[in-house]
């Protein structure tokens with residue numbers, strides 16, 4: 001019997017010939033991602049670090065991104081403590097306020113490569129599955145212990161196989177595909193499991209793969225992984241030139257607990273309605289509902305191609321009166337590229353506000369929260385009640401195209417009506 | 001002992017709102033906001049030894065550990081749910097918070113029922129009816145028995161590296 005991607009990576013990382021689902025293995029991750037929570041993580045083991053030291057200065061990847069620039073003295077102090085830790089222990093991979101969202105930085109800087117194991121104290125660490133890495137989220141306490149030991153346990157997951165075919169029709173993106181899958185299998189449909197993407201992936205651009213893998217956690221998945229192909233190789237050649245890596249992929253006869261098939265050409269623009277990500281409906285079903293805010297950004301959909309497709313809809317036009325369009329590029333590199341090619345100018349001319357690269361209002365910390373009774377269309381990954389400000393506000397999740405089209409009309413809008 | 005009963009997909013924002021994630025990390029900072037947007041009376045009512053019963057996918061969403069840390073700190077003796085989200089399962093194990101997966105027990109519960117947990121027998125009794133639940137893997141029991149991942153790791157570091 002063949003092996004799945006998860007079984008192969010975990011066997012290799014555990015130094016075993018063979019592992020089976022349900023087995024618990026001891027592994028040493030290639031990198032450990034942390035963000036603003038680094039200060040809380042480090043404070044748990046401050047004394048232990050003095051005794052035992054940091055296990056490996058190459059292990060942590062730290063990006064300050066969640067509440068940037070600091071919103072108050074307490075956050076500023078947290079950031080200062082992170083910088084002290086980085087200096088004191090010689091952390092090799094550190095990215096300060098303004099560099100971007102941690103998950104975008106990891107992939108842009110070549111810190112998650114095919115076949116690698118990356119753990120992170122953030123649930124969207126699963127994003128790097130788009131580059132064939134086995135990556136998943138853990139809690140702060142576990143991250144703290146990893147700083148000391150470099151080692152933890154993982155349960156070998158069962159795997160769901162998703163087979164894709166066809167091309168996205170006009171107005172449909174990777175976000176719509178992943179919302180379709182989450183709507184079909186539910187917010188716990190892949191709980192504890194790995195999800196592998198198979199079939200014809202030639203029509204799924206690398207940026208869309210990041211979006212899809214990023215939202216693996218919204219179906220409960222431990223990882224959401226893609227094989228290495230030309231798109232992956234091109235991305236890595238640009239962002240990790242010269243890096244050595246060993247792609248790993250499932251055998252043809254691997255065993256799956258479930259197989260799902262999607263013809264991309266049959267998909268339509270979708271939203272996740274309040275207040276769960278699996279509350280999925282066609283945009284056409286909710287169109288016409290007034291919005292007060294449109295948010296384009298985050299680790300899910302704040303990449304250059306996301307900004308570009310939004311700009312294409314908004315070029316030469318202006319967003320509706322009474323709507324706030326908030327654009328937050330996912331990294332400094334994306335911001336620079338979007339400045340260079342005129343995308344930012346187009347968006348600002350159309351009435352957008354542009355915020356500094358970071359997580360922005362996605363997690364409800366600052367920069368564009370919602371008042372009671374307000375409705376937001378967001379390109380982010382969660383619409384939980386109260387997540388983005390008031391618990392009496394509504395967040396609809398959609399693609400960058402749907403966000404831009406809705407900002408233009410001031411109503412939830414099917415992007416196919418505005419392209 | 002009070003049993004707090006909640007539904008499916010109780011996410012981490014309902015357990016502990018994201019707006020406090022980077023300003024509240026210690027138990028005493030977490031407690032006033034625990035379950036704030038789900039059950040505003042929880043923080044004032046909960047007492048050590050109380051239990052939570054919930055539906056499927058309890059703890060889904062963020063990797064923030066305040067929900068697990070907070071529930072352990074207020075003395076929740078166990079969360080019994082139909083299923084748990086993966087990261088919350090790890091976070092709770094690492095805090096030494098007991099999680100029991102037993103859909104039948106959750107379905108059987110009616111307000112006022114007495115709930116008794118017998119970890120040794122792997123059995124939960126709801127209103128006099130007993131339901132079995134699968135044993136926890138030994139790796140997780142060892143972490144729980146040590147009082148959480150930090151004490152567990154310190155024991156091991158001391159054993160392997162001295163000091």
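The values are calculated or read from the model by the stated rules, or taken from the named source; none is laboratory data. Note that the structure is a prediction, hence the values are computed from the model and not measured. Counting neighbours? That spans all protein chains shown, and the Cβs are built from the backbone with ideal geometry, glycine included.
Observations on the model:
- Against the criterion of being touching a helix residue (DSSP H, G or I) at 6+ places or on another chain (Cβ under 6 Å) and in contact (Cβ under 8 Å) with a residue 12 or more places away in the chain, residue B:105 does not qualify.
- Residues that are part of a strand (DSSP E or B) and within 17 Å of the chain's Cα centre (by Cα) occur at least once in the range A:296-309.
- Residue match in the range B:37-45 (condition: touching a helix residue (DSSP H, G or I) at 6+ places or on another chain (Cβ under 6 Å), closer than 27 Å to residue A:278 by Cα and not in a helix (DSSP H, G or I)): yes
- Among the residues of the range B:124-142, those identified as more than 9 Å from every other protein chain (Cβ to nearest Cβ) and either within 23 Å of residue A:52 (Cβ to Cβ) or crowded, with 16+ Cβ neighbours inside 10 Å (or both) are B:124, B:125, B:126, B:131, B:133, B:136, B:142.
- Members of the range A:157-186 found to be in contact with a strand residue (DSSP E or B) (Cβ under 7 Å, 6 or more places away or on another chain), in a loop (DSSP other than H, G, I, E, B) and either modelled with pLDDT under 95 or surrounded by fewer than 22 Cβ atoms within 10 Å (Cβ to Cβ) (or both), listed by number: A:166
- On the stretch given as the range A:138-151, residues that are facing chain B (nearest Cβ under 9 Å) and surrounded by fewer than 24 Cβ atoms within 10 Å (Cβ to Cβ) total 2.
- Scope the range A:365-377; condition crowded, with 23+ Cβ neighbours inside 10 Å and in contact with a helix residue (DSSP H, G or I) (Cβ under 7 Å, 6 or more places away or on another chain); matching residues: A:365, A:377
- Residues in the range A:30-55 that are within 14 Å of chain B (Cβ to nearest Cβ) and in a loop (DSSP other than H, G, I, E, B): A:35, A:36, A:37, A:45, A:53, A:54, A:55.
- The set of residues in the range A:396-419 that are in a helix (DSSP H, G or I) and over 15 Å from residue A:317 (Cβ atoms) comprises A:400, A:402, A:416.
- Considering residues of the range A:107-137 that are part of a strand (DSSP E or B) and at the interface with chain B (Cβ under 9 Å from one of its Cβ atoms) only, the residue nearest to residue B:59 (Cα to Cα): A:137
- Boolean, residue B:81 is surrounded by 24 or more Cβ atoms within 10 Å (Cβ to Cβ) and either farther than 29 Å from residue A:276 by Cβ or modelled with pLDDT of 95 or more (or both): yes
- Boolean, residue A:12 is assigned to a helix (DSSP H, G or I), away from chain B (no Cβ under 11 Å) and in contact (Cβ under 8 Å) with a residue 40 or more places away in the chain: yes
- Of all residues in the range A:194-221 being touching a strand residue (DSSP E or B) at 6+ places or on another chain (Cβ under 7 Å) and within 9 Å of chain B (Cβ to nearest Cβ), the one that is nearest to residue A:158 (Cα to Cα): A:221
- Residue A:203 being part of a loop (DSSP other than H, G, I, E, B) and closer than 18 Å to residue A:122 by Cβ: no
- Segments classed as strands (runs of 3 or more DSSP E), wholly inside the range B:68-128, with at least 3 members that are within 23 Å of residue B:44 (Cα to Cα): B:78-81
- Residues that are farther than 26 Å from residue A:198 by Cα and either free of Cβ contacts under 8 Å to residues at least 60 places away in the same chain or assigned by TED's automatic domain parsing to the domain that holds residue A:246 (or both) do occur in the range A:124-138, at least one of them.
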